[in-house]
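First up is the structure itself, then whatever we jot down about it.
Please treat every number below as a calculation from the coordinates, not as lab data. Just so you know, these numbers come straight off a predicted model, no measurement behind them. Here the Cβ is made from the backbone with ideal geometry for all residues, glycine too, and neighbour counts use every protein chain on show.
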Amino acid sequence: MDALLLGRRIRHFRKEAGLTLDALSDAVGRPTSYLSQLENGHVEARIGLLGEMAASLGCSTADLLIDEAPNRRDSLEISVIRAQNDPRYQALGLAEFKPTAKTSDTALEHLVSLYEALTGAEAAADRRDGDDQRRANVALRAEMRERNNYYAEIEQVASDMLTAVDYPGQGPVSERMLIDMAENCGFTIDRVRDLPSTSRSIADQRNRVIYIPQRNDLTTRAARSVVLQTLGHFVLGHRDSDVFLDYVRQRVESNYFAAATLAPEAACVKTLQNAYAQNDLSVEDLKELFYISYEMAAHRLTNLATEHLGVTLHFMRSDNEGVVWKAYENNGVPLPTDSFGGFEGQRLCREWGTRQAFHSEDAYALHYQYTDSPDGEWWCVTHVEADRAPAHAITVGTDAKQAKFFRGSDTTRHTVSRCPDPMCCREPHPTQRQRWATVAWPSARDRSHIVSGLPASRDNFGRFPGVDMVEVYAFLDRRSE
């Protein structure tokens, strides 16, 4: 019950019945002061009391509980009261404004209209910013797809950097080489304990120092990547820009530079060509050979496989709820998209390997799988990261015809996806809905931030936002067995 709306409806029906607060107090046996607080929305009423009040006011309990103001005047006053609860209004430090009988309807209309115009303009600006960012992501992904995610000019810069520090042509890049690269660019590296939590590194261009977290916060493997990503901005000639597309492109290029330096093209290609000849391509081998993360090794495979082997691929990072954080493809895999054509924030079909991996017997072993879809048959390998909460999965895949070139192509795991048909996995089965719809009452798991958006639930008229009712009903089915 909305206490403010309920109070206004009680006041409305009390006046309609011609009763004073004292008369209503005598009828329901509650103090006048309590009823006054109730009408002003300061306290809540129990259902039993509402029944007594409805009988005294000559209306039904349902009349009191209707979720709308009884008239335009009450609607205006409620809107003015609620507007003052907005943190932006409270930040102005103004005294509380209480509408009274002497406050004209016109004055209230002006206040409400001004507030709605302000919030509407801010919301529109937020939507425009978000839309611009989505368009920028889609535009950059199209550019990456067009060039098969291969940047020859960045590969050359990375090769020159490696030559300058006498990289032997194989194996991991040592920390000594990394320090020499920084010095060649005029920087020193300093590990500090108080780096702001929102920054992965800070480059002081005046004193030529790159600050990164200490080893207890940033492992040696991760530190190499962070330092090179930072150096990448300088060796690639990046400039400050307030254009979001420039920002995204610079991040992609600096990350590419770091990967191309830590897993050099010549050494990678030699490894990949040998594995390709033996039908044994593997992200894992690149990870171990160059001492890089699985994600960086997966990116490196997408950088080089199409250019040097003619193999098309798709890549995804997604969380344990199947929400895509980033993705790339040049093989036509049917990933879910938003209205702009972007993948980020969309939820993957449950039948795809990147989601099935979380439910396998060993979630942290490499998960190989074939998936039939309305757009063809696909193969993928998924690696679940054990050191992230909530867990994330890295997936690399290709179409079934090219799967033979990869380790794990002999897997017997095979699923069928009918998405975007909602009955594939996005809506509970009708028999489950019939069994549980009226008795299941789940509570949504807390998100990382109190204002994080909760994915809508189609079941039960959206009564449980953020709750996956398919999983809830399946859980109840398992327990009832």
How much of the DSSP bridge set in the chain is antiparallel, in percent, rounded to the nearest 5? 75
Between I81 and E96, what is 0.36 nm times their sequence separation minus the Cα-Cα distance? Round to one decimal in nm. 4.5 nm
For labels at S241 and D26 in the simple 7 Å Cα→Cβ model, what's the distance in nm? 7.9
Which order, highest average first, do 163-169, 346-352 follow once you tally other Cβ atoms within 10 Å for each residue and take the mean per peptide? 346-352, 163-169
Protection proxy ranking of 381-388, 307-314, 138-145, 213-220 - average other beta-carbon atoms within 10 Å, highest first: 307-314, 381-388, 138-145, 213-220
Could you give the length gained by full extension between R215 and S104, i.e. 0.36 nm per residue of separation minus their alpha carbon distance, to one decimal place? 33.4 nm
W325 label point, 7 Å along Cα→Cβ, cut-off 18 Å on backbone N: hits in the stretch 389-430? 389-397
By per-residue mean of other Cβ atoms within 10 Å, what is the highest-first order of 321-327, 191-197, 25-31, 96-102? 321-327, 25-31, 191-197, 96-102
Sort out for me the Cα centre separation of the stretch 167-205 from the stretch 341-395, rounded to whole Å. 33
State, as an integer percentage, the relative contact order of the stretch 312-426 based on alpha-carbon contacts under 8 Å between residues 6 or more apart. 28
Difference of contour (0.36 nm per residue) and Cα-Cα distance, R413 to Q170: 84.0 nm
Long-range amide H partners of T188 with built H, under 5 Å: V209, I210
R0 of 51 Å, Cβ-Cβ distance R193-E68: FRET efficiency to nearest 0.05: 0.35
Modelled label reach - N184, point 7 Å along Cα→Cβ, the stretch 229-250 residues with backbone N closer than 17 Å: 229-237
When only C-alpha pairs under 8 Å and at least 6 residues apart count, what is the relative contact order of the stretch 17-99, in percent? 19
At R0 = 35 Å the Cβ-Cβ FRET efficiency linking S339 and L114, nearest 0.05, sits at 0.65
Under 30 Å from the Cα of K15 - lysines, other chains or at least 8 residues apart: K98, K102
Rounded to 0.05, the calculated FRET efficiency for the beta carbons of R435 and H359 at R₀ = 25 Å is 0.70
Please work out the Cα center distance from the stretch 67-84 to the stretch 408-422, rounded to the nearest Å. 53
